[in-house]
Amino acid sequence: MRILNTAATGVRAQQTALDILGNNMSNVNTPGYKAQRVNFAEALAAEMRPAEREFNGQPVGERIDVGAGVIYPTIDTDYRQGIIRETENPFDLAIDGEGFFPVRTANGESRYTRVGNFELDSQGKLVNSDGYILEVKIPTDAMDLYVDETGNITGFIDDEERVLGRVVVNDPEGEGYPVGPIDMDELGRPLDWNGDILPTAFAVPEGAEDVQISTEGVLSATIDGSRQTLGQINIVTFANPEGLVRDGDNLYFAPDATGVTGDELVGTPGSQVEERTLGKLRTQSLEGSNVNLASAMTEMIQVQRAYQLNARMITNGDQMWSMANSLRR
């Protein structure tokens, strides 16, 4: 009896939709949260009778297919903009438009987030509430870069020596050396001889005052009485953001094995990168959740009703099955 299996697929699908809606509604006040949605599709139909053009010279009916219920092949993320609200923290950032902030975990893994609740830690690094480090591009027009024994990276820009930040780069003996030409990726992260990202971290140098972030993503501070540019905060997007995988805490990562996200597209806030316009940067602001509570509650009522109907079909199917069994007695 197909009605039981068909109704069971409906119950499972609607239960998944209820789980997704419940999670969305519980995160209505979570900064940077992006709602999820379930996409339903008809399950593969079963052929009951093949199509035959004629039988004994007489035309017969068309092919008969019976549906097998519903499936939910994908659960998408709604990347529409959330409401941006101003804050008192000078290091809070919000993206108005497309893109993500690139951050690095304690294990050196790259992650992407829409939540810009950053602050300076005790070492001068820009970190979020989980301690993940914001990737900051150091000026690449420095002529010579040197790393001293304390981890300071120093360069000459515009014929003036400046301490650009701190970086942890050691040889096997743990000693630092003057650094020759450094290859960097689009985010300003130094690469080793194999092209892999070195585990470094930008930090505001000691003694820096009035550290600010502009709407263009330029990180600057006053050092020894002069205003200096320390780094550039870039925004990252992908050809297919739907390929990103959620990693909890409003973090996403790009699965290297599948490549479904496409190439990492990096640029300054508001710039054009391969026909995609990156979002603008809003300082002293945070993006709120994009969950529409009224729409979510309305949809939940519809899903609950569909769940009840499918559950009723199972009950009716069970009654029909009992009646069929009683005919044998």
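Summary table below
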{"read-out": "Tally, over segment 79-131, of residues that are exposed (fewer than 15 other Cβ atoms within 10 Å of the Cβ), in contact with a strand residue (DSSP E or B) (Cβ under 9 Å, 6 or more places away or on another chain) and of a type in the set (D, E, K, R)", "value": "5"}
{"read-out": "Residue list for segment 99-115, restricted to those being modelled with pLDDT under 95 and of a type in the set (Gly, Ala, Ser)", "value": "106, 108, 110"}
{"read-out": "Residue match in segment 231-244 (condition: more than 12 Å from the chain's Cα centre (by Cα), assigned to a loop (DSSP other than H, G, I, E, B), farther than 28 Å from residue 204 by Cα and of a type in the set (A, V, I, L, M))", "value": "yes"}
{"read-out": "Subset of segment 275-329 that is outside any helix (DSSP H, G or I) and surrounded by fewer than 13 Cβ atoms within 10 Å (Cβ to Cβ) - its residue that is modelled with the lowest pLDDT", "value": "329"}
{"read-out": "Search result, residues across segment 93-127 that are assigned to a loop (DSSP other than H, G, I, E, B) and of a type outside the set (A, V, I, L, M, F, W, C)", "value": "97, 99, 105, 107, 108, 109, 114, 121, 122, 123, 124, 125"}
{"read-out": "Residue count for segment 210-228, restricted to those that are within 16 Å of residue 125 (Cα to Cα) and modelled with pLDDT under 90", "value": "0"}
{"read-out": "Identity of the residue in segment 254-270, out of contact with any helix residue (DSSP H, G or I) (no Cβ under 9 Å at 6 or more places or on another chain), at pLDDT 80 or above and among the aliphatic types (A, V, I, L, M), that ends up farthest from residue 94 (Cα to Cα)", "value": "265"}
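The values are calculated or read from the model by the stated rules, or taken from the named source; none is laboratory data. Since the structure is predicted, the reported quantities are computational estimates derived from the model, not experimental observations. Glycine gets a Cβ as well: all are built from the backbone with ideal geometry, and neighbour counts include every protein chain shown.
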